[in-house]
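The values are calculated or read from the model by the stated rules, or taken from the named source; none is laboratory data. Only a predicted model underlies this, so the values are computations on that prediction, with no experimental measurement involved. Reconstructed Cβ throughout: ideal geometry from the backbone, glycine too, with neighbour counts over all protein chains shown. Heads up: the accessible areas ignore ligands, DNA and RNA and are worked out on the full protein's heavy atoms, side chains in. Shrake-Rupley method; radii C 1.70, N 1.55, O 1.52, S 1.80 Å.
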Amino acid sequence: GAVVSQHPSWVICKSGTSVKIECRSLDFQATTMFWYRQFPKQSLMLMATSNEGSKATYEQGVEKDKFLINHASLTLSTLTVTSAHPEDSSFYICSAREGGAQNTEAFFGQGTRLTVV
Amino acid sequence: GEDVEQSLFLSVREGDSSVINCTYTDSSSTYLYWYKQEPGAGLQLLTYIFSNMDMKQDQRLTVLLNKKDKHLSLRIADTQTGDSAIYFCAESTHSGNTGKLIFGQGTTLQVKP
């Protein structure tokens, strides 16, 4: 199957700093990428949907100025957590879809564990 | 709104069958999925079913869909200790061609030797 790679796998940062997480589709062109957040022992919460070359669509309650998403190419999307605080500590997962109405599968990255101290 | 519900925990003995259940509310769901998540890892797609099907079998996995009751189940035959993980069901409506997924809260499957 197709491969989606997230980097870094884990990161520890100081409160007030910004952290960038990358999501790359390695062997296909991802028209659409999704960013999820997962709290311990909970489900995945969709944060935003990004389409290559356009602004991301954020879900209700997600601060777009806090979680900056850029999808500048068909193989790369980035999520930047700005001015991170301990409550932003979480597991962030991206997924990528090749696009097209008939496409059924979104491929997931391995996730990034963010710890803000 | 869209909602997907799952039981939180299931414990079985190795060799038994496991059945994980899921209910959803969106009647316009196009595809329904089962994902597996091992500790600290991303999600692995196990199988999916299109909404006009009522059953799909793939080796040890059987998916049953009751569209009338909006009920989805995943049966794992001959469950192994390596099947221990969290299983998420998800639904997608492909609205606006984005195909965003709505996930249930996940069922932790514990397989005892």
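Below are the figures for this structure:
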item: Whole-number D in µm² s⁻¹ for chain A, Kirkwood Cα-pair radius fed into Stokes-Einstein, 37 °C, 0.692 mPa s; result: 232
item: Potential extension, residue B:19-residue B:5 segment - 0.36 nm per residue separation minus Cα distance; result: 3.6 nm
item: Listed residues A:92, A:58 arranged by accessible area, highest first, probe 1.4 Å; result: A:58, A:92
item: Estimated FRET transfer efficiency when R0 is 22 angstrom, pair residue A:14-residue A:64 (beta carbons, to 0.05); result: 0.40
item: Dipole moment magnitude, nearest 20 debye, chain A about Cα centre, only Lys, Arg, Asp, Glu C-beta charged; result: 240
item: Top of B:15, B:40, B:82 by mean-square fluctuation, Gaussian network on chain B, Cα under 10 Å; result: B:40
item: For segment A:77-95 versus segment B:1-37, the gap between their alpha-carbon centres in whole angstrom; result: 27
item: Top of A:52, A:63, A:22 by mean-square fluctuation, Gaussian network on chain A, Cα under 10 Å; result: A:63
item: Distant-in-sequence amide H partners of residue A:43 (H built 1.01 Å from N, under 5 Å); result: none
item: Dipole axis of the protein assembly as shown (+1 Lys, Arg; -1 Asp, Glu on Cβ), positive-most option in B:76, B:63, A:107; result: A:107
item: Within a Gaussian network of chain B (alpha carbon springs, distance under 10 Å), most fluctuating of B:37, B:80, B:59; result: B:59
item: Across A:64/B:56; A:20/B:36; A:66/B:67; A:55/B:70; B:36/B:68, pairs whose alpha-carbon gap is larger than 29 Å; result: A:64/B:56; A:66/B:67; A:55/B:70
item: Cα-based Kirkwood hydrodynamic radius, the protein assembly as shown, one decimal, Å; result: 18.1
item: Cα-based equivalent ellipsoid, segment B:34-102: semi-axes from gyration tensor eigenvalues, Å; result: 22, 17, 9
item: Free-standing Cys residues across chain A, given no other cysteine C-beta under 4.7 angstrom; result: A:13
item: Calculated P(r) of segment A:20-80 - Cα pairs past 19 Å, %; result: 27
item: Derived scalar couplings ³J(HN,Hα) [segment B:24-30; Karplus, 6.51 cos²θ - 1.76 cosθ + 1.60; whole Hz; x for Gly, Pro]; result: 9, 10, 7, 6, 8, 4, 9
